[in-house]
Amino acid sequence: MAPAGVVDDSRTQEMQADVAAALEQRRQRRYLVRALLRSPTFVIGVLIVLFWVFMGIFSTAFTQSPLAQHPFAILQSPSAAHWFGTDDLGRDVLARTMAGARTVLIIAPLATLLALLWGGIIGLIAGFYRGITDDIIMRLVDVLLALPVIITSILILSLFGKSLAIVIVVIGALFTPVVSRTIRSAVIGEREREYVMAARLRGERSAFVMAREILPNITQPIIVEGTVRLGYAVFTAATLSFLGFGLGPPSPDWGLTIATERVDLQSAPWTVLFPAFALASLVVGVNLITDGLSSVFSK
Amino acid sequence: MARLIGRRLLLMVPTLILVSILVFALAEVLPGNLGRSILGPYATQQQVDILNHHLGADKPLYERYAVWAGHFVTGHWGASLQLGTPVFSTVMRALGNSLLLAGFALVIIVPTSILVGVYAGLRRDSLLDRAITISTLSMTVIPEFVSGVILIVVFAVTLHWLPVSAMPPQGAPFVDRFYYLILPAIPLMLLELGYIARMARVGTVQVLAMPYIRTAVLKGLPRHRVIFGHVLRNALVPTVTVIGSQVGWLIGGLVVVEFLFVYPGIGNMMINAAQFHDVPLLEACVLVVAVLYMLSNLIADIVVALLNPRIRMGG
């Protein structure tokens, strides 16, 4: 420490460099946000997803009840009273379609977060230590990838029962290998950089280097990987509930509704088409966000 | 070449053993009491004990795995709990149906997506190119059952061009089956079209920039000879590679499409076995699909090697 009043030249320069770096970082972040807001792909995707999030939370406040049955108004085609028609139990298809967003929007983000958490830890460790640790972890990952995701999840869900929590954990666990691969390769790209060397030479513990030095520098690939996985998680969650491994009736969940109402497909296609279009719009929305993010990040 | 195939086949063995251990652990060990998980909470303890003894679930773990794996290797797959029929022949019949659907789907998928991709690549950066790329890529993210029900409504219910079911009535000639498989094959195609067409497009664009294409054009070869003789062949390698990497999704898609169309294939059977806790049938379906998955990855690798002389010679 230099005595007060005496200007330590090298120290001032260092501080100035730090401030400049921080400003540069903030400028870059602001630039990224502005670029994202100017990307139509990203904005449309966000609007679609926000629409479904809003509907998932609030739709029951202004639609009819998604569960109320009207035995005298079954399988009615779309009309002024029921914009999307009614199903085989006389339930309002509009109300069910809007409320149907809920389950997928609970399962997919939570499963993605779990996969990012587990995959992040595994990827950081494998990429940071390399050597035998890396080899063992990656061989185990290969085995988990030796079966298609949907097959493994059917096997697990049929044996462990089906509940929202189990579906979330299963999807999260099955997405972990892929996430850990991505993060591992991002870590390998960083670990030889000077700032990592510097932190090691300072004598920082490995956990600190991984969490506080490398992790902040690989946020972009993590965010892109997260949105990609989110798209697949929506896909997988909807597929599992379509196959009968999600919630049971009378939930208005889209996949479940399509599976149960498809017997009326020929006489009352609206019971199936509206949830189908809703699901299609949600997956497309998530993927637009992914495309927008990755094209802005790669610039 | 033979060495490459032999080595890859040998590499499959440890993976397969690990997968079988995974299936064994998931199906037979982790649920705890196997008999209880099959019979449900309302069966008496005596019934559970009898079933456990019958299934050999009261012996030590390694012994159970050895017996279990031995039965699979020797083709003694037991009987389905739900159907009462031998698992082996039941699964094999379903597998035949699935392979027919998958093969038919591939026959449609590969030429269509290569044509679409090469066409887009030849008209690079035109409006049509962009329209093809965007529409095919957004199709890949939509679940098969969503595109499936929309296709059924349009082509079967409204236009009456194609049948709603995936199986012809009993006694119809075999050729009829393909007519009934058109509608189930399209959702599978939409799932893959975007990826494959994109690779074919990129391949085409790269090849078109090569000097030998300029030479071919300048020496006066007709356009179709340039496209079929030079462009198509070289755009094929990345395309086949991506088809190989899509096999997992194709199998997942097959399960969903079979369930949607109530098609008697191995995917539909697996879901029914899972819903009814028919553990022997479920295990057999999963293992067969795992082998199928690895074999198709291997076949894709071999085809890539055959198309690429550098890999072929390197063996």
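The values are calculated or read from the model by the stated rules, or taken from the named source; none is laboratory data. Remember, it's a predicted structure, so these values are computed and weren't measured experimentally. FYI the Cβ positions are ideal-geometry reconstructions off the backbone, even for glycines, and counts take in every protein chain you see. Side chains included, ligands, DNA and RNA excluded: accessible areas come from the protein's heavy atoms. Shrake-Rupley method; radii C 1.70, N 1.55, O 1.52, S 1.80 Å.
Conditions first: (1) under 24 Å from A:Thr271 (Cβ atoms); (2) open to solvent by 100 Å² or more (accessible area, probe 1.4 Å); (3) assigned to a helix (DSSP H, G or I). A:Phe72 passes all but one, so which condition is the exception?
(3)
Exactly one condition in (1) touching a helix residue (DSSP H, G or I) at 6+ places or on another chain (Cβ under 7 Å); (2) at pLDDT 85 or above; (3) exposed (fewer than 15 other Cβ atoms within 10 Å of the Cβ) is false for B:Phe104; which is it?
Among (1) touching a helix residue (DSSP H, G or I) at 6+ places or on another chain (Cβ under 7 Å); (2) at pLDDT 85 or above; (3) exposed (fewer than 15 other Cβ atoms within 10 Å of the Cβ), the lone unmet condition for B:Phe104 is (3).
Any residue in the stretch A:9-28 that is crowded, with 16+ Cβ neighbours inside 10 Å and either of a type outside the set (Ser, Thr, Tyr) or in a helix (DSSP H, G or I) (or both)?
As a first pass, look at the stretch A:9-28 and keep what is crowded, with 16+ Cβ neighbours inside 10 Å: none.
The answer is no; no qualifying residue exists.
Failed condition for B:Phe145, given (1) open to solvent by 50 Å² or more (accessible area, probe 1.4 Å); (2) in contact with a Ser or Thr (Cβ under 8 Å, 6 or more places away or on another chain); (3) within 14 Å of chain A (Cβ to nearest Cβ), with all others met?
Condition not satisfied by B:Phe145: (1).
Go through (1) open to solvent by 60 Å² or more (accessible area, probe 1.4 Å); (2) modelled with pLDDT under 90; (3) in a helix (DSSP H, G or I) one by one and return the number of the condition A:Glu204 breaks.
In the conditions (1) open to solvent by 60 Å² or more (accessible area, probe 1.4 Å); (2) modelled with pLDDT under 90; (3) in a helix (DSSP H, G or I), A:Glu204 misses (3) alone.
Among what's in the stretch A:248-299 and is in a loop (DSSP other than H, G, I, E, B) and either under 18 Å from A:Val104 (Cβ atoms) or touching a Pro at 6+ places or on another chain (Cβ under 6 Å) (or both), pick the residue that is farthest from the other protein chains (Cβ to nearest Cβ).
At the first step, the residues of the stretch A:248-299 found to be in a loop (DSSP other than H, G, I, E, B) are A:248-253, A:265-269, A:298-299.
Those left that are additionally either under 18 Å from A:Val104 (Cβ atoms) or touching a Pro at 6+ places or on another chain (Cβ under 6 Å) (or both): A:248-253.
On the way: A:Gly248: 11, A:Pro249: 14, A:Pro250: 19, A:Ser251: 17, A:Pro252: 16, A:Asp253: 13 Å.
Within the stretch A:248-299, the match that is farthest from the other protein chains (Cβ to nearest Cβ) is A:Pro250.
Would you please name the residue that is farthest from A:Ile106 (Cα to Cα), looking only at residues in the stretch A:50-63 that are aliphatic (A, V, I, L, M) and open to solvent by 40 Å² or more (accessible area, probe 1.4 Å)?
Just the residues of the stretch A:50-63 that are aliphatic (A, V, I, L, M), to begin with: A:50, A:53, A:55, A:57, A:61.
Next, only the ones that are open to solvent by 40 Å² or more (accessible area, probe 1.4 Å) stay: A:50, A:53, A:57, A:61.
Details: A:Leu50: 14, A:Val53: 10, A:Ile57: 11, A:Ala61: 19 Å.
This residue is A:Ala61.
Of the numbered conditions (1) facing chain A (nearest Cβ under 10 Å); (2) within 16 Å of the chain's Cα centre (by Cα), B:Ile243 fails exactly one; give the number of that condition.
Of (1) facing chain A (nearest Cβ under 10 Å); (2) within 16 Å of the chain's Cα centre (by Cα), only one is false for B:Ile243: (1).
Could you list, ordered by first residue, the pairs with Cβ atoms under 6 Å in which the first is in the stretch A:101-126 and modelled with pLDDT under 95 and the second is crowded, with 21+ Cβ neighbours inside 10 Å and not in a helix (DSSP H, G or I), at least 6 apart or interchain?
As it stands, the answer is A:Thr103/A:Asp253, since those pairs meet every condition given.
List the number of the failed condition for B:Val110; all other conditions in (1) without any contact (Cβ under 8 Å) to a residue 12 or more places away in the chain; (2) more than 14 Å from chain A (Cβ to nearest Cβ) hold.
Checking B:Val110 against (1) without any contact (Cβ under 8 Å) to a residue 12 or more places away in the chain; (2) more than 14 Å from chain A (Cβ to nearest Cβ), the one that fails is (1).
Are any residues in the stretch B:258-286 touching a helix residue (DSSP H, G or I) at 6+ places or on another chain (Cβ under 6 Å) and aliphatic (A, V, I, L, M), and if so, which ones?
B:Leu260, B:Ile266, B:Met269, B:Met270, B:Ile271, B:Ala273, B:Ala274, B:Val279, B:Leu281, B:Leu282, B:Ala284, B:Val286
Which residues, counting only those in the stretch B:77-98, are more than 17 Å from the chain's Cα centre (by Cα) and open to solvent by 70 Å² or more (accessible area, probe 1.4 Å)?
The first filter runs over the stretch B:77-98 and keeps only residues more than 17 Å from the chain's Cα centre (by Cα), leaving B:77-90.
Across the stretch B:77-98, the qualifying residues are B:Leu81, B:Gln82, B:Leu83, B:Pro86, B:Phe88.
Enumerate the pairs (first residue in the stretch B:20-32 and open to solvent by 30 Å² or more (accessible area, probe 1.4 Å); second residue anywhere and among the small types (Gly, Ala, Ser) and modelled with pLDDT of 70 or more) with beta-carbon separation below 9 Å, excluding pairs fewer than 6 apart on the same chain, so at least 6 apart or on different chains.
Close Cβ pairs satisfying both conditions: B:Ile21/B:Ala69; B:Leu22/A:Ala146; B:Pro31/B:Ser37.
Considering (1) facing chain B (nearest Cβ under 10 Å); (2) more than 30 Å from A:Leu32 (Cα to Cα); (3) open to solvent by less than 10 Å² (accessible area, probe 1.4 Å), say which one A:Gly244 fails and leave the rest.
All conditions are met except number (3).
When you go through B:Leu162, B:Leu151 one by one, which is the residue that is open to solvent by less than 40 Å² (accessible area, probe 1.4 Å), at pLDDT 90 or above and among the aliphatic types (A, V, I, L, M)? Spell out the reasoning first.
On the way: B:Leu162 fails: at pLDDT 90 or above.
Among B:Leu162, B:Leu151, only B:Leu151 is open to solvent by less than 40 Å² (accessible area, probe 1.4 Å), at pLDDT 90 or above and among the aliphatic types (A, V, I, L, M).
Residue under question is B:Ala120, and the condition is that it be buried (at least 17 other Cβ atoms within 10 Å of the Cβ) and not hydroxyl-bearing (Ser, Thr, Tyr); does it hold? Steps first, answer last, please.
Working: buried (at least 17 other Cβ atoms within 10 Å of the Cβ): yes; not hydroxyl-bearing (Ser, Thr, Tyr): yes.
Yes: the conditions hold for B:Ala120.
Considering only the stretch A:138-172, state which residues are in a helix (DSSP H, G or I), within 14 Å of chain B (Cβ to nearest Cβ) and open to solvent by 40 Å² or more (accessible area, probe 1.4 Å).
Of everything in the stretch A:138-172, those that are in a helix (DSSP H, G or I), within 14 Å of chain B (Cβ to nearest Cβ) and open to solvent by 40 Å² or more (accessible area, probe 1.4 Å) turn out to be A:Arg139, A:Leu140, A:Asp142, A:Leu144, A:Val149, A:Phe160, A:Ile166, A:Val169.
Could you check how many residues of the stretch A:108-137 are within 14 Å of chain B (Cβ to nearest Cβ) and buried (at least 16 other Cβ atoms within 10 Å of the Cβ)?
Going through the stretch A:108-137 one residue at a time, the tally reaches 1.
Does A:Asp92 satisfy the condition of being of a type in the set (Asp, Glu) and touching a Pro at 6+ places or on another chain (Cβ under 8 Å)?
Against the criterion (of a type in the set (Asp, Glu) and touching a Pro at 6+ places or on another chain (Cβ under 8 Å)), A:Asp92 qualifies.
Which members of the stretch B:247-283 meet the condition of being open to solvent by 20 Å² or more (accessible area, probe 1.4 Å), more than 10 Å from every other protein chain (Cβ to nearest Cβ) and either among the aliphatic types (A, V, I, L, M) or outside any helix (DSSP H, G or I) (or both)?
B:Pro264, B:Met269
Suppose we filter A:Leu47, A:Leu67 for residues that are farther than 21 Å from A:Thr257 by Cα, out of contact with any Lys or Arg (no Cβ under 6 Å at 6 or more places or on another chain) and surrounded by fewer than 17 Cβ atoms within 10 Å (Cβ to Cβ); which single one remains?
Values: A:Leu67 fails: farther than 21 Å from A:Thr257 by Cα.
Sole residue among the options that is farther than 21 Å from A:Thr257 by Cα, out of contact with any Lys or Arg (no Cβ under 6 Å at 6 or more places or on another chain) and surrounded by fewer than 17 Cβ atoms within 10 Å (Cβ to Cβ): A:Leu47.
If we scan the stretch B:132-148, do we find a residue that is modelled with pLDDT of 85 or more, more than 19 Å from the chain's Cα centre (by Cα) and assigned to a loop (DSSP other than H, G, I, E, B)?
No, there is no match, as no residue in the stretch B:132-148 is modelled with pLDDT of 85 or more, more than 19 Å from the chain's Cα centre (by Cα) and assigned to a loop (DSSP other than H, G, I, E, B).
Take the stretch B:152-211 and flag every residue that is within 13 Å of chain A (Cβ to nearest Cβ) and of a type in the set (S, T, N, Q).
Residues satisfying the conditions are B:Thr158, B:Ser165.
If we scan the stretch B:57-75, do we find a residue that is open to solvent by less than 30 Å² (accessible area, probe 1.4 Å) and more than 16 Å from B:Leu287 (Cα to Cα)?
There is at least one residue in the stretch B:57-75 that is open to solvent by less than 30 Å² (accessible area, probe 1.4 Å) and more than 16 Å from B:Leu287 (Cα to Cα).
Go through the stretch A:215-229 and report how many residues are in contact (Cβ under 8 Å) with a residue 24 or more places away in the chain and open to solvent by 50 Å² or more (accessible area, probe 1.4 Å).
Final tally of qualifying residues: 5.
All but one of (1) free of Cβ contacts under 8 Å to residues at least 60 places away in the same chain; (2) among the basic types (Lys, Arg); (3) within 14 Å of chain B (Cβ to nearest Cβ) hold for A:Arg212; which doesn't?
Result: A:Arg212 passes all but (3).
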